[in-house]
Every structure is written in structure tokens, then in C-alpha cells.
Amino acid sequence: MERTLVLIKPDAVIKNIMGKIINIYEENKLCIEDIRIIFPTRGILEKHYEEHKEKPFFNKLISSMESKKVAAIILSGEKSVARVREINGATDPEKAALGTIRNLYGTNVTQNAVHGSANLNDAEREINIWFSS
């Protein structure tokens, strides 16, 4: 059984669709191991997105999430990392496959409803960031 991290981003929280998103994961036989509603600080977000620090979209991404309500979820299941990434769809909602979370609920590349860990190493690192206390 793998574990992975999902973040339901502020744009989806504001739209009041957290339950719909969680339901999609559960329908795909992924189990919620833990869930927290968090108002992330810049420090948490900078640790989480550290690989993007030098990219031009970094500050926009951080400011779109800083001090806004986020649902952090640990999901588990067989091949959960790959399955969550498939369920989420492409980062750009316009390029996401039909029926994926980002296709259904994303607005743009920054406001794309969800984050999912890229691989098992990232999943463990990200889980430690969001669930360390």
C-alpha cells in the first residue's frame, strides 16, 4: 500500500466542492488516512514547492494559497501516487482529460483545484511537511 498527499486548493475550497473531490478519490478505492484543514503559511508553502523556487510562477502560486483554507489529505491504496495523478488530470485544466478533477473543477494552471504528489519520495516529503505537528 502506498501513501500520497493531496491538497484541495483554496479555489476548490471556496467553490464548496471539497466533498465532491473527496468522493472521486473514494470512488476510486483510495482511503483517507488523515485529513486536515489548514491555513498554510508562506514557510510551509515554500518547503512544499521548493523545486519551483526559481520558476517564474513560484510567487503567484504561493500567494494564491498563502493563508487561505486548504484541505491536506493523506490517501492510501495500491499505486496511489500514479492513480491520484491520473484522477487529477493534467496541471492545465484545458489540457486535462475529460472527467478528471482538474477538467471538472479547475480554472487555470494556478487555480487547478488539487495537488497530488509526483512520486513516492515527494509523497513522503510532502506528508512530513503538512502532517508534522
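The values are calculated or read from the model by the stated rules, or taken from the named source; none is laboratory data. Quantities reported herein were computed from a predicted structural model and do not represent experimental measurements. No Cβ is skipped: glycine too gets one built from the backbone with ideal geometry, and neighbour counts run over all protein chains shown. These accessible areas exclude ligands, DNA and RNA; they are computed on the full protein's heavy atoms, side chains included. Shrake-Rupley method; radii C 1.70, N 1.55, O 1.52, S 1.80 Å.
Compute the FRET efficiency between Ala118 and Glu33 as 1/(1 + (r/R0)^6), taking r as their Cβ-Cβ distance and R0 = 25 Å, and round to the nearest 0.05.
For R0 = 25 Å, the calculated efficiency reads 0.85.
In debye, nearest 20, what is the charge dipole magnitude of the chain about its Cα centre with +1 on Lys and Arg Cβ and -1 on Asp and Glu Cβ, if you could check?
Approximately 340 debye in magnitude.
Figure the gain on full extension for Thr110 and Lys15 (residue separation times 0.36 nm, minus the Cα-Cα span) and round it to one decimal in nm.
Result for the pair: 32.7 nm of gain on full extension.
I want to make sure I understand the PRE zone here: with the label point 7 angstrom from the Cα of Asp92 toward its beta carbon, which residues in region 34-74 have backbone N atoms less than 15 Å away?
57
What part of the accessible area of the chain, given as a whole %, is carbon or sulfur when the probe is 1.4 angstrom?
51 percent
Based on alpha-carbon centroids, what's the gap between region 112-129 and region 22-89 in Å, whole number please?
The two parts, judged by their Cα centres, are 6 Å apart.
Full-extension gain between Glu26 and Lys60, please, as 0.36 nm times their residue separation minus the C-alpha to C-alpha distance.
Taking 0.36 nm per residue and subtracting the Cα distance, the gain is 9.2 nm.
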